[in-house]
There are 2 protein chains.
Amino acid sequence: MRKIPEPTVLRLSTYRRCLEDFKAQTNLPFVSSNELGRLAHRNAAIVRKDLSYFGEYGVPGKGYSVDHLLKHILRIMNLRREHRAVLVGAGNLGRALLGYPGFKKLGFRVVAAFDNDPRKVGRKIGEVAIFPVSKLKSEVERKKPAFGLITVPAAAAQESANLLVEAGVRAIINFAPARVWVPPRIVLRNVDLTRELEVASYYLG
Amino acid sequence: MRKIPEPTVLRLSTYRRCLEDFKAQTNLPFVSSNELGRLAHRNAAIVRKDLSYFGEYGVPGKGYSVDHLLKHILRIMNLRREHRAVLVGAGNLGRALLGYPGFKKLGFRVVAAFDNDPRKVGRKIGEVAIFPVSKLKSEVERKKPAFGLITVPAAAAQESANLLVEAGVRAIINFAPARVWVPPRIVLRNVDLTRELEVASYYLG
DNA sequence: CGTCTGTTGAGAAATATTTCACAATTTGAT
DNA sequence: ATCAAATTGTGAAATATTTCTCAACAGACG
Ligand SMILES: NC(=O)c1ccc[n+]([C@@H]2O[C@H](COP(=O)([O-])OP(=O)(O)OC[C@H]3O[C@@H](n4cnc5c(N)ncnc54)[C@H](O)[C@@H]3O)[C@@H](O)[C@H]2O)c1
Ligand SMILES: NC(=O)c1ccc[n+]([C@@H]2O[C@H](COP(=O)([O-])OP(=O)(O)OC[C@H]3O[C@@H](n4cnc5c(N)ncnc54)[C@H](O)[C@@H]3O)[C@@H](O)[C@H]2O)c1
């Protein structure tokens, strides 16, 4: 299989959401690349090219079957099974993420949270118990989550990443504004909540 | 001035952070494109090209003055003045954002929050008072924030955007997983907290 | 002063991504 | 069965972005 451009992977996630909205709103069985492009604010050609990397899903003259396409995208994105995740740093942002039902809807289940503040340890947020950081390794080895979410202050991000890697997670999502280094076998993605504010400021100026 | 590639603008924000870290950690007066590239996980050539779009800031043989470069980046990103913002949707995510000191450090000050839940109206989160949505227009017209942050459920995102645009904000940062439409004069940026999880899932698969 | 070193700035080349454009295909109507 | 309309999939062209390269330059040092 050809190498897929990263922009394509990012758009796939948008298409999924647009398809779900489209289905909920119109209940039509087919959608054209034109329509999907309009919903995703994209050119129709790139929609077709993106989808064609993974096979021929469309019906000339009709478009794409909404249900089939949704299934295909979930399969491509590896989202048809449950993913376990742990979270390090049960502060303001960590709490928001722990309480977010959207993760479970996507198949992500947070199975443990860790914090080094003794006042937080032992409490629960939603379904998720907060453990001391000293329990991170044993809990991860026991529950085998593939994902680690980092929501500690920037200064502690690298240290948290090290712990997660050593304990055996395979992917890290870092919400702290810090560049962390992980071994090449680990999938690392950064989420920067303030970057888009800065970028908007640039375009306003 | 030439048109600046969007990836360049995004990286500028990374360079700023890396420079601040570099300054705090080494206190050296100069940094080379090589070093900055290493910190930002980038090729040195692209660092130089990014910076050269905006003028010649470097000293051959030495590198870039850390302080000068930081000032330049802040000026380029329009971040040397205070920006006022309002937030719509004082739920889990909204609360986390309202309590985040990082915004103020960047010069963003949230001057009001709005929610349609009567139990939330009248309370304060940190310094920020929560108003009913019916007061959005008058408060925005009075306080003239340039930025509107949307942290309502996806189904209410478009409606919130409409209110913000009508009240006169010039930029919208949408944290809800929904595509919203705004007039072309408005700067719209989307922040998707779950996308990177999905993308990581793709690369794990 | 001349030479050596390290580094920039930017043109050229390479690579990546998006858009165009159209033959091929399916549908649905007559 | 034939045809018009709609829409796909994809090569080719266009555009955008990144990387390579190196002449030019500043500073250090003898
Ligand atoms: N809150 C936001 O809206 C927001 C916005 C943008 C970025 N961020 C980033 O997200 C991260 C978390 O932000 P927050 O607002 O939740 O901060 P916070 O201070 O509320 O929470 C951080 C949590 O991490 C815990 N912690 C600290 N060091 C730790 C360690 N070594 N191991 C385990 N736990 C540790 C703290 O006890 C605390 O509970 C920060 O890096 C912040 O910059 C947050
Ligand atoms: N919490 C997270 O970690 C997280 C993660 C990813 C995405 N998001 C997205 O961010 C948004 C907010 O998430 P949340 O967890 O804070 O949800 P939430 O339900 O906790 O908060 C939403 C808030 O918006 C208010 N609200 C609803 N309709 C409104 C309207 N029309 N006008 C004004 N206020 C209104 C509600 O009263 C509530 O206070 C959602 O779109 C969610 O999908 C959140």
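Please treat every number below as a calculation from the coordinates, not as lab data. Quantities reported herein were computed from a predicted structural model and do not represent experimental measurements. Here Cβ is always computed from backbone atoms with ideal geometry, including for glycine, and neighbour counts include all displayed protein chains.
Let's see if you can work this out: charge +1 on each Lys and Arg Cβ, -1 on each Asp and Glu Cβ, no other charges. What is the dipole magnitude of segment B:54-205 about its Cα centre, in debye to the nearest 20?
Value, rounded to 20: 580 debye.
Using the alpha carbons of the protein assembly as shown, what is the convex hull volume per residue in cubic angstrom, as a whole number?
Dividing the Cα hull volume of the protein assembly as shown by its residues yields 164 Å³.
Average partner chain C-beta neighbours within 10 Å, per residue of A:90-97?
Across the residues of A:90-97, the mean count of other-chain Cβ atoms within 10 Å is 5.
Let me have the relative contact order for segment B:6-76, percent, based on Cα pairs under 8 Å that are six or more residues apart.
36 percent
Among the listed pairs A:LYS124/A:LYS144; A:LYS104/B:LYS135; A:LYS23/A:LYS49; B:LYS3/B:LYS137; A:LYS3/A:LYS135, which have their C-alpha atoms separated by more than 32 angstrom in this model?
A:LYS104/B:LYS135; B:LYS3/B:LYS137; A:LYS3/A:LYS135
If N is the number of residues in segment B:58-151, what value comes out of its Cα radius of gyration divided by 2.2 N^0.38 Å?
With N residues counted in segment B:58-151, Rg over 2.2 N^0.38 Å equals 1.41.
On C-alpha positions alone, give me the angle between the axis of helix A:195-204 and the longest principal axis of chain A, in degrees, nearest 10.
Tilt relative to chain A: about 60 degrees.
Given all pairs of different Cα atoms, what value in angstroms does the Kirkwood hydrodynamic radius of segment B:1-88 take?
Final number for the Kirkwood radius of segment B:1-88 is 13.6 Å.
Translational diffusion coefficient, Stokes-Einstein: compute it for segment A:49-205 using the Kirkwood radius over C-alpha pairs as Rh, at 37 °C and 0.692 mPa s, and state it as an integer in µm² s⁻¹.
188 µm²/s
About its Cα centre, what dipole magnitude does the protein assembly as shown give when the only charges are +1 on Lys and Arg Cβ and -1 on Asp and Glu Cβ, stated in debye to the nearest 20?
0 debye
Which residues' amide hydrogens lie under 5 Å from the amide hydrogen of B:LEU188, considering only partners 5 or more residues apart or on another chain, with H built in the peptide plane?
When sequence neighbours closer than 5 places are left aside, the close amide H contacts are B:ILE172.
Put a dot 7 Å past each Cα toward the Cβ at B:LEU28 and A:ILE4; how far apart are the dots in nm?
4.0 nm
When the helix-only estimate is applied to chain A (DSSP H runs of n ≥ 4, each -39,500 (n - 2.57), divided by the residue count), what is the mean residue ellipticity at 222 nm, nearest 500 deg cm²/dmol?
Taken over chain A, the calculation gives -13000 deg cm²/dmol.
Select from B:PHE108, B:HIS72, B:LEU193 the residue farthest towards the positive end of the dipole of chain B; place +1 on Cβ of Lys and Arg, -1 on Cβ of Asp and Glu, and compute about the Cα centre.
Sorting the options by dipole projection puts first B:HIS72.
How high is the relative contact order of chain B, in percent, with contacts defined as C-alpha pairs under 8 Å that are six or more residues apart?
The value is 13 percent.
Mind checking A:186-193 for the average number of partner chain beta-carbons within 10 Å of each residue's beta-carbon?
Mean shielding count: 6.
Per residue of segment B:46-56, in order, report the coupling 6.51 cos²θ - 1.76 cosθ + 1.60 (Karplus, θ = phi - 60°) as ³J(HN,Hα) in whole Hz, putting x for Gly and Pro.
6, 4, 5, 5, 3, 5, 6, 4, 9, x, 9
Counting other C-beta atoms within 10 Å, which of A:HIS83, A:HIS41, A:HIS72 has the fewest, and how do the rest follow?
The most exposed by this proxy come first: A:HIS41, A:HIS72, A:HIS83.
Using modelled backbone amide H atoms (1.01 Å from N, in-plane), which distant-in-sequence or interchain residues come within less than 5 Å of A:SER32's amide H?
A:TYR64
In percent, how large is the relative contact order of segment A:97-205, given Cα pairs closer than 8 Å and 6 or more residues apart?
In percent, rounded to a whole number, it is 17.
Skipping prolines and chain starts, which residues have an amide H placed within reach, meaning under 5 Å, of the one on B:ARG109, given they are 5 or more residues away or on another chain?
B:HIS83, B:ARG84, B:ALA85
Whole-Hz Karplus ³J(HN,Hα) for segment B:137-145, in order, using 6.51 cos²θ - 1.76 cosθ + 1.60 and θ = phi - 60°, x for Gly and Pro?
Result, rounded to whole Hz: 4, 5, 5, 5, 5, 7, 9, 6, x.
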